[in-house]
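The structure appears below as structure tokens.
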Amino acid sequence: MAGSGKNDVRSYRNFINGQWVGGTADETFPVYDPSTEEVIARVAVASSASVDRAVNAARTAFETGPWPQTTPQDRGRLLFKLADKIRQNAALLAELEARNTGKPIVEAEYDIADTATCFEYYGGLANKIMGQVLPVPANALSFTMKEPVGVAGQIIPWNYPLMMAAWKLAPALAAGCTCVLKPAEQTPITAMEMAGWFEEIGLPPGVVNIINGMGETTGAALVAHPGVDKIAFTGSAAVGKIIVKSAADTLKRVTLELGGKSPNIFFADADWEASVDGALFGVFINQGEVCSAGSRILVEKKIYSKFVEAMVEKAKRIKLGAPLERDTKMGPLVSKEQYDRVSSYLEIGKKEARVAIGGGRAKQFGKGYYVEPTIFCDVNNNARIAREEIFGPVATVIPFDGEADAIRIANDTPYGLAAAVWTRDIYKAFRVVKAVRAGIVWVNHMQPTYVEAPWGGYKQSGFGRELGPWGLEEYLETKQVFVNLDETPIGWY
Ligand code: NAI
Ligand code: MG
């Protein structure tokens with residue numbers, strides 16, 4: 001379905017029941033390269049009738065198609081084949097991802113490799129889904145069966161487009177579910193390229209449907225549809241709340257991976273070079289468009305001034321540039337909307353705290369949604385820039401006085417996705433690990449993410465877990481079976 005060449009405008013339809021639907025007559029929406037602000041693709045909008053077709057196709061495939069007859073081993077093999085396709089086309093996918101999101105090409109290459117790894121991981125788990133035999137009295141047999149939850153509606157964001165698709169599709173398919181996936185309207189390209197391989201690898205029609213459109217219309221229709229059994233969502237807390245309310249009408253299962261305002265905590269005894277590096281990496285990787293961004297940098301008072309100075313010196317060296325240049329360390333933000341949103345927080349921040357570096361548009365670029373890496377210091381944890389998710393290259397640095405103060409500030413947030421703590425003191429490190437209310441805690445690092453480990457948040461960062469066996473579990477129902485081994489009647493009446 002790809003367009004004809006690198007600089008042409010590509011066009012994509014929706015992938016429903018194994019077919020490309022929605023032609024030129026359908027309404028389309030533009031997709032941009034955020035470094036040039038040019039349109040690079042046009043994508044057909046899935047109307048509510050198309051959403052209905054996609055859900056019905058997934059329903060039929062779940063109930064009567066070849067999918068329920070496909071062995072767990074063969075489901076696993078399909079996921080391996082998809083992973084192989086992704087690895088074979090990694091260069092193309094990374095380039096498309098970098099052009100569409102604005103992220104540096106080197107980061108996009110890591111993302112594509114991680115995407116394939118995710119399909120491989122769940123390919124391996126597909127035939128390891130097992131129930132248990134339960135210790136009931138001798139005259140009975142009781143066991144559990146694990147069964148797919150059904151049709152999964154999956155709504156994903158724009159910061160890691162293909163990787164987020166993998167985090168959703170891979171465990172669902174391993175579990176035996178069928179899927180209707182809606183990519184973010186800013187970044188549908190790589191998912192649509194992937195859909196082009198489904199037939200070739202032997203995925204039966206209707207098992208994965210990919211539909212495009214705005215969240216408020218296409219996304220909302222998917223969430224409300226009675227034929228969907230479960231919604232898996234990654235995105236803003238605001239939309240997470242809308243989804244829970246809408247899904248309540250049909251009591252769908254819901255898992256949510258929302259944002260955060262994650263604390264990255266530095267004690268005075270931590271390794272100095274590693275800490276300064278880790279503070280910057282934690283908040284600036286992927287332009288700061290990361291749900292687990294370490295956007296609240298908590299620094300012990302006795303090293304605070306020196307630490308901010310060292311961060312500023314190093315931040316000056318961050319190479320902003322075109323996404324496809326290999327030495328680029330920071331590209332533009334994904335969209336005009338996100339640029340405006342981040343810019344408005346920069347103005348709010350200037351009233352609330354002191355700018356240590358950055359604070360505006362990166363003026364060396366005539367075009368593109370480039371923002372300077374920005375560090376606000378002397379930030380009060382009650383400031384809006386310390387409480388609200390900004391989702392851009394904006395750090396707030398907050399001083400603390402001792403361990404108890406660090407823990408208090410770290411937990412003083414509505415979110416609870418991630419946290420990191422840096423110290424050479426193993427006692428202190430693990431006390432903080434226990435005290436912090438967050439789903440992910442790193443010690444002397446921030447951001448490494450492995451498909452083997454669970455991912456998800458406490459508090460308003462959502463519920464449910466992705467990745468590892470936990471991610472698979474979210475796509476399974478548990479059936480209990482009781483077998484009477486005793487032929488004598490109950491004898492009650
Ligand atoms: P968003 O939450 O509006 O969009 C994420 C996905 O949800 C997209 O696919 C969108 O089409 C869909 N969506 C939006 N409204 C919907 C609705 N009513 N029903 C069903 N689906 C809907 O995020 P947006 O507007 O792109 O970014 C706003 C903020 O959200 C960011 O500044 C950031 O703070 C946060 N965010 C968090 C992410 C995370 O990884 N946790 C990812 C993206 C954004
Ligand atoms: Mg939105």
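When you check residue 385 against the structure, is it more than 16 Å from ligand 2 (Cβ to nearest atom), more than 26 Å from the chain's Cα centre (by Cα) and without any contact (Cβ under 8 Å) to a residue 60 or more places away in the chain, yes or no? Criteria not met by residue 385. Restricting region 240-269 to residues that are among the aliphatic types (A, V, I, L, M), assigned to a helix (DSSP H, G or I) and in contact with a strand residue (DSSP E or B) (Cβ under 7 Å, 6 or more places away or on another chain), which is farthest from ligand 2 (Cβ to nearest atom)? Among residues in region 240-269 that are among the aliphatic types (A, V, I, L, M), assigned to a helix (DSSP H, G or I) and in contact with a strand residue (DSSP E or B) (Cβ under 7 Å, 6 or more places away or on another chain), the one farthest from ligand 2 (Cβ to nearest atom) is 247. Evaluating residue 487 against the criteria (1) in a helix (DSSP H, G or I); (2) out of contact with any helix residue (DSSP H, G or I) (no Cβ under 8 Å at 6 or more places or on another chain) leaves one unmet condition, (1). Pairs meeting the criteria (first residue in region 404-419 and in contact (Cβ under 8 Å) with a residue 60 or more places away in the chain and among the hydrophobic types (A, V, I, L, M, F, W, C), second residue open to solvent by 10 Å² or more (accessible area, probe 1.4 Å) and not in a loop (DSSP other than H, G, I, E, B), beta carbons under 7 Å, at least 6 apart or on different chains) are 417/440; 418/440; 419/441. Based on this model, can you work out whether residue 57 counts as in contact with an Asp or Glu (Cβ under 6 Å, 6 or more places away or on another chain) and either surrounded by 15 or more Cβ atoms within 10 Å (Cβ to Cβ) or part of a loop (DSSP other than H, G, I, E, B) (or both)? Spelling it out, it is not the case that residue 57 is in contact with an Asp or Glu (Cβ under 6 Å, 6 or more places away or on another chain) and either surrounded by 15 or more Cβ atoms within 10 Å (Cβ to Cβ) or part of a loop (DSSP other than H, G, I, E, B) (or both). Out of curiosity, is residue 303 away from ligand 1 (no atom under 16 Å from the Cβ) and open to solvent by 10 Å² or more (accessible area, probe 1.4 Å)? When the stated conditions are applied, residue 303 passes them.
Rundown of residues vs (1) touching a strand residue (DSSP E or B) at 6+ places or on another chain (Cβ under 9 Å); (2) among the hydrophobic types (A, V, I, L, M, F, W, C); (3) more than 16 Å from ligand 2 (Cβ to nearest atom), yes/no style:
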{"residue": "91", "(1), (2), (3)": "no, yes, yes"}
{"residue": "95", "(1), (2), (3)": "no, no, yes"}
{"residue": "119", "(1), (2), (3)": "no, yes, yes"}
{"residue": "135", "(1), (2), (3)": "yes, no, yes"}
{"residue": "142", "(1), (2), (3)": "yes, no, yes"}
{"residue": "163", "(1), (2), (3)": "no, yes, yes"}
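Applying the set (1) in a helix (DSSP H, G or I); (2) open to solvent by 10 Å² or more (accessible area, probe 1.4 Å); (3) under 30 Å from residue 286 (Cβ atoms); (4) out of contact with any Asp or Glu (no Cβ under 6 Å at 6 or more places or on another chain) to residue 52 leaves exactly one unmet item: (3). Of the set (1) within 16 Å of ligand 2 (Cβ to nearest atom); (2) open to solvent by 40 Å² or more (accessible area, probe 1.4 Å), all apply to residue 325 but (1).
Filtering region 150-188 to residues that are within 14 Å of ligand 1 (Cβ to nearest atom), among the β-branched types (Val, Ile, Thr), outside any loop (DSSP other than H, G, I, E, B) and open to solvent by less than 10 Å² (accessible area, probe 1.4 Å) leaves only 180.
Enumerate the helices (runs of 4 or more DSSP H) found wholly within region 353-462, keeping only those where 1 or more residues are touching a Leu at 6+ places or on another chain (Cβ under 6 Å) and at pLDDT 95 or above. If you could, list the steps in order and put the result at the bottom.
Numbers: elements: 384-387, 403-411, 426-435.
Passing ranges, in order: 403-411.
Pick from 126, 232: which is of a type outside the set (D, E, K, R), touching a residue at least 12 places away in the same chain (Cβ under 8 Å) and more than 16 Å from ligand 1 (Cβ to nearest atom)? Steps first, answer last, please.
Values: 232 fails: more than 16 Å from ligand 1 (Cβ to nearest atom).
None of the others qualify; the one that does is 126.
Considering only residues that are outside any helix (DSSP H, G or I), more than 16 Å from ligand 2 (Cβ to nearest atom) and under 16 Å from residue 260 (Cα atoms), which ones fall in region 285-322?
The initial filter retains those residues of region 285-322 that are outside any helix (DSSP H, G or I), namely 289-300, 316-322.
Cutting the leftovers down to more than 16 Å from ligand 2 (Cβ to nearest atom) gives us 290, 292-300, 316-322.
Those that are outside any helix (DSSP H, G or I), more than 16 Å from ligand 2 (Cβ to nearest atom) and under 16 Å from residue 260 (Cα atoms): 290, 292, 293, 294, 295, 296, 297, 298.
Please enumerate the residues belonging to region 240-254 that are within 9 Å of ligand 1 (Cβ to nearest atom) and without any contact (Cβ under 8 Å) to a residue 60 or more places away in the chain. The answer is 242, 246.
When region 17-30 is filtered for residues that are modelled with pLDDT of 95 or more, farther than 11 Å from residue 213 by Cα and not in a loop (DSSP other than H, G, I, E, B), the ones remaining, listed by number, are 19, 20. In this structure, is residue 199 within 16 Å of residue 14 (Cβ to Cβ), open to solvent by 40 Å² or more (accessible area, probe 1.4 Å), of a type in the set (Asp, Glu) and within 16 Å of ligand 2 (Cβ to nearest atom)? Spelling it out, it is not the case that residue 199 is within 16 Å of residue 14 (Cβ to Cβ), open to solvent by 40 Å² or more (accessible area, probe 1.4 Å), of a type in the set (Asp, Glu) and within 16 Å of ligand 2 (Cβ to nearest atom). Filtered by the rule that a residue be closer than 29 Å to residue 390 by Cα, away from ligand 2 (no atom under 12 Å from the Cβ) and open to solvent by 10 Å² or more (accessible area, probe 1.4 Å), region 220-231 gives 221, 224. Somewhere in region 134-145, is a residue in contact with a Pro (Cβ under 9 Å, 6 or more places away or on another chain) and farther than 30 Å from residue 215 by Cβ? Scanning region 134-145, I find at least one residue that is in contact with a Pro (Cβ under 9 Å, 6 or more places away or on another chain) and farther than 30 Å from residue 215 by Cβ, so the answer is yes.
A count restricted to region 330-342 and to residues that are open to solvent by less than 50 Å² (accessible area, probe 1.4 Å) and under 13 Å from residue 385 (Cβ atoms) stands at 1. Looking across region 357-412, just one residue is polar (S, T, N, Q), open to solvent by 10 Å² or more (accessible area, probe 1.4 Å) and within 30 Å of residue 36 (Cα to Cα), and that is 364. Number of residues in region 232-268 that are under 16 Å from residue 154 (Cα atoms), open to solvent by 50 Å² or more (accessible area, probe 1.4 Å) and of a type in the set (Lys, Arg): the value is 2. Go over the candidates 403, 452, 388 one by one and state the one that is within 16 Å of ligand 1 (Cβ to nearest atom) and among the acidic types (Asp, Glu). It is 388.
The values are calculated or read from the model by the stated rules, or taken from the named source; none is laboratory data. Note that the structure is a prediction, hence the values are computed from the model and not measured. Note that each Cβ is placed from the backbone with ideal geometry, even for glycine, and that neighbours are counted across all protein chains shown. Protein only, heavy atoms only, side chains kept; ligands, DNA and RNA dropped before computing areas. Shrake-Rupley method; radii C 1.70, N 1.55, O 1.52, S 1.80 Å.
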